[in-house]
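Inspection log for the structure reproduced underneath, given as structure tokens.
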Ligand SMILES: [Mn+2]
């Protein structure tokens, strides 16, 4: 789905101009695209003379990104901790569904609050009042660059850095398939405004704690292979989380799908972490995006599943062994070559 930015940019701008109090949020486990797009949009709205509140959302601000400018603009609250009725406009950035607004409670949008979704996920199902969903865009940050051009917003040094790093992170440093000539053009424009991105770009890709490596090691030593070694899962049971007294954030280091994807023989890989008994977080990858679409697998199996052809995630509410079997069953149902 591609919505027409030429048609929607003026509509979104007039909704902004008509509003008095605007809400922004970061999604769960916010990445540089979530944080960068929210901070750059906050700056743009300030330029337009608007009152805007960016809330941090469900997760804490990631330590590796602490040097990003204006991070103190965030209000450390999630959607359940604010009163949505205080706002007349909610710009929902980089979030494919209500579960990315908050997972701490039901997501209800009051009638008095207009909603606008601005996103690049193919699985977006927010159904806001206005939906600018450009699935050909690498990132929400790239989409905001275009939106700001339509609105004739001046992109300052801080905004340029925020948007560049959002693009950098969502394209895996311009390696993923979502990187287009337009992505490079936008990145080039941003780097002309602020070329001082190197240390933060390095920090995005390299910010482990010693404990992270230990957890990854445990996940790596748990790999199970199926369908003639074409499918591989790493399995991290809740027992290990208890044994090591890991927080949810620490346990999420056991999600190692990108490491699994480095193995050329493995066509589809998944990392399973049992966050609590019967709650399995699943992260899926394929390096063969022409042949497989892991977002289809994620959508078919779990709650709140979604993502991209090469990378997707979901949560399965089943016991660990059942979840594993269901995942294998869905994969072979969608791709008959894996039937054993
Ligand atoms: Mn994104």
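Just one of the listed residues (103, 11) is at negative phi, touching a strand residue (DSSP E or B) at 6+ places or on another chain (Cβ under 9 Å) and part of a loop (DSSP other than H, G, I, E, B), namely 103. Just so you know, in the stretch 153-174 the residues that are in a loop (DSSP other than H, G, I, E, B) and within 15 Å of the ligand (Cβ to nearest atom) include one that is surrounded by the most Cβ atoms within 10 Å (Cβ to Cβ), and it is 171.
Of the residues making up the stretch 17-57, those that are within 16 Å of the ligand (Cβ to nearest atom), modelled with pLDDT of 95 or more and either in a helix (DSSP H, G or I) or surrounded by fewer than 21 Cβ atoms within 10 Å (Cβ to Cβ) (or both) number 11.
Annotation: residue 179 fulfils all but one of (1) within 14 Å of the ligand (Cβ to nearest atom); (2) assigned to a loop (DSSP other than H, G, I, E, B); (3) within 15 Å of residue 95 (Cβ to Cβ); the unmet one is (3). Pairs meeting the criteria (first residue in the stretch 89-106 and farther than 25 Å from residue 18 by Cα, second residue within 13 Å of the ligand (Cβ to nearest atom) and assigned to a helix (DSSP H, G or I), beta carbons under 9 Å, at least 6 apart or on different chains) are 100/34. Checked against (1) in contact with a strand residue (DSSP E or B) (Cβ under 9 Å, 6 or more places away or on another chain); (2) under 27 Å from residue 69 (Cα atoms); (3) part of a loop (DSSP other than H, G, I, E, B), residue 118 passes all but condition (3). Among the residues of the stretch 141-151, is any more than 16 Å from the ligand (Cβ to nearest atom), in contact (Cβ under 8 Å) with a residue 12 or more places away in the chain and under 19 Å from the mean Cα position of the chain (by Cα)? The answer is no, given that none of the residues of the stretch 141-151 is more than 16 Å from the ligand (Cβ to nearest atom), in contact (Cβ under 8 Å) with a residue 12 or more places away in the chain and under 19 Å from the mean Cα position of the chain (by Cα).
I want to confirm something. Restricting to the stretch 116-133 and keeping residues that are surrounded by fewer than 21 Cβ atoms within 10 Å (Cβ to Cβ) and either over 15 Å from the mean Cα position of the chain (by Cα) or more than 24 Å from residue 88 (Cβ to Cβ) (or both), which single residue is farthest from the ligand (Cβ to nearest atom)? The selected residue is 129.
The values are calculated or read from the model by the stated rules, or taken from the named source; none is laboratory data. As the structure is a prediction and not an experimental result, all values here were calculated from the model. Methodologically, a virtual Cβ is constructed for each residue, glycine included, from the backbone with ideal geometry; neighbour enumeration extends over all protein chains shown.
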